[in-house]
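Colleague: Dumping the structure here so I can ask a few things about it.
The values are calculated or read from the model by the stated rules, or taken from the named source; none is laboratory data. All values derive from a computational prediction rather than experimental measurement. Neighbour counts are summed over all protein chains in view; Cβ atoms, including those assigned to glycine, are modelled from backbone coordinates with ideal geometry.
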Amino acid sequence: MVFNIRMAIFWGPEVDTKSSVIYNPHIGPPVLVNPMIFVAGTSGSGKSETLMGQMERAAAYGDWTTYFDLENEAKERIENIDGKYIDVRPGFRIGLNPMDLEVEEDKNGRRFIDIYGKSTEMTLFLNVLVNQYFARNLDGLEITTIEESLFNLYKHERGINENPDSLYIDEVDPENNKVTVGKVKKGNADTIRPKSRTI
């Protein structure tokens with residue numbers, strides 16, 4: 001087996017042997033069936049510290065991590081690695097949208113919108129829901145229909161293509177006498193993004 005150090009995350013030394021514990025979430029089966037992790041320990045044993053350290057190391061490699069901060073202790077560390085901390089409270093809109101597109105950058109520095117990747121990601125997400133609630137997987141026709149529908153939604157209905165500029169519009173809200181100066185994502189006029197200012 002070839003070990004790809006670029007994709008591996010150093011977790012620390014093993015207690016008894018002092019050998020390095022390396023985790024590679026991308027190695028795949030049969031070595032790693034899925035990238036899930038279970039961390040257990042008594043109160044104060046370092047579970048949160050371990051997971052936050054893993055999150056920081058993953059960020060250094062460009063991997064995304066979702067961390068549910070139930071104890072409100074990770075905000076500063078998440079922001080230190082340029083992560084997005086979302087405060088979820090009852091009665092407040094949080095602006096999470098699994099269909100939201102982001103500008104990506106390849107290894108050559110080219111910025112682009114990955115519509116095909118997002119369609120595949122959403123199809124996998126819907127497959128998990130179908131599997132959870134109906135104990136089956138999507139069939140080929142359903143997968144094709146979902147991917148084509150999402151592609152049509154992004155490209156034809158919203159005019160989004162690989163060009164990052166196609167993701168944004170200048171927004172005017174005459175109902176509230178507001179004009180947004182800067183970039184607002186298409187379909188998200190009520191959600192002002194960090195690159196925007198409302199006046």
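Colleague: For residues that are β-branched (Val, Ile, Thr) and in a loop (DSSP other than H, G, I, E, B), scanning just the stretch 38-58, find the one that is farthest from the chain's Cα centre (by Cα).
Modeller: At the first step, the residues of the stretch 38-58 found to be β-branched (Val, Ile, Thr) are 39, 42, 50.
Now restrict to residues that are in a loop (DSSP other than H, G, I, E, B): 39, 42.
Numbers: Val39: 21, Thr42: 30 Å.
Ranking the qualifying residues of the stretch 38-58, first place goes to Thr42.
Colleague: In addition: Report, by residue number, each residue of the stretch 119-148 that is loosely packed, with under 13 Cβ neighbours inside 10 Å and among the hydroxyl-bearing types (Ser, Thr, Tyr).
Modeller: Across the stretch 119-148, the qualifying residues are Tyr133, Thr144.
Colleague: Quick check on my filter: what residues within the stretch 1-23 are polar (S, T, N, Q) and modelled with pLDDT of 80 or more? Please lay out each step first, then the result.
Modeller: Step one: list which residues in the stretch 1-23 are polar (S, T, N, Q), which gives 4, 17, 19-20.
Selection gives Thr17, Ser19, Ser20.
A quick yes/no check of all residues on (1) of a type in the set (Gly, Ala, Ser); (2) within 21 Å of the chain's Cα centre (by Cα); (3) on the phi < 0 side of the Ramachandran plot; (4) assigned by TED's automatic domain parsing to the domain that holds Ala59:
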site: Gly117; (1), (2), (3), (4): yes, yes, yes, no
site: Ala135; (1), (2), (3), (4): yes, no, no, no
site: Leu141; (1), (2), (3), (4): no, no, yes, no
site: Tyr154; (1), (2), (3), (4): no, yes, yes, no
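Colleague: Working only within the stretch 46-85, note down all residues that are surrounded by fewer than 11 Cβ atoms within 10 Å (Cβ to Cβ) and either of a type in the set (Val, Ile, Thr) or more than 27 Å from Asn24 (Cβ to Cβ) (or both).
Modeller: Hits for the stretch 46-85 are Thr66, Leu70, Glu71, Asn72, Glu76.
Colleague: Continuing with the same structure: If the requirement is being in contact with a His (Cβ under 8 Å, 6 or more places away or on another chain) and either assigned to a strand (DSSP E or B) or closer than 30 Å to Ile143 by Cβ (or both), which of these qualifies: Pro98, Pro35? Please lay out each step first, then the result.
Modeller: Values: Pro98 fails: in contact with a His (Cβ under 8 Å, 6 or more places away or on another chain).
Going through Pro98, Pro35 in turn, the sole match is Pro35.
Colleague: Right, something else. Just checking, how many residues over the stretch 142-159 are modelled with pLDDT of 90 or more and part of a loop (DSSP other than H, G, I, E, B)?
Modeller: 0
Colleague: In the stretch 72-91, is there at least one residue being modelled with pLDDT of 80 or more, part of a helix (DSSP H, G or I), of a type in the set (Gly, Ala, Ser) and not assigned by TED's automatic domain parsing to the domain that holds Arg158?
Modeller: The answer is no, given that none of the residues of the stretch 72-91 is modelled with pLDDT of 80 or more, part of a helix (DSSP H, G or I), of a type in the set (Gly, Ala, Ser) and not assigned by TED's automatic domain parsing to the domain that holds Arg158.
Colleague: Quick one: in the stretch 101-113, of everything that is in a loop (DSSP other than H, G, I, E, B) and within 13 Å of the chain's Cα centre (by Cα), which residue is surrounded by the most Cβ atoms within 10 Å (Cβ to Cβ)?
Modeller: Step one: list which residues in the stretch 101-113 are in a loop (DSSP other than H, G, I, E, B), which gives 101-102, 106-110.
Within this subset, residues satisfying the condition of being within 13 Å of the chain's Cα centre (by Cα) are 101-102.
On the way: Leu101: 20, Glu102: 10.
Per the criteria, the residue is Leu101.
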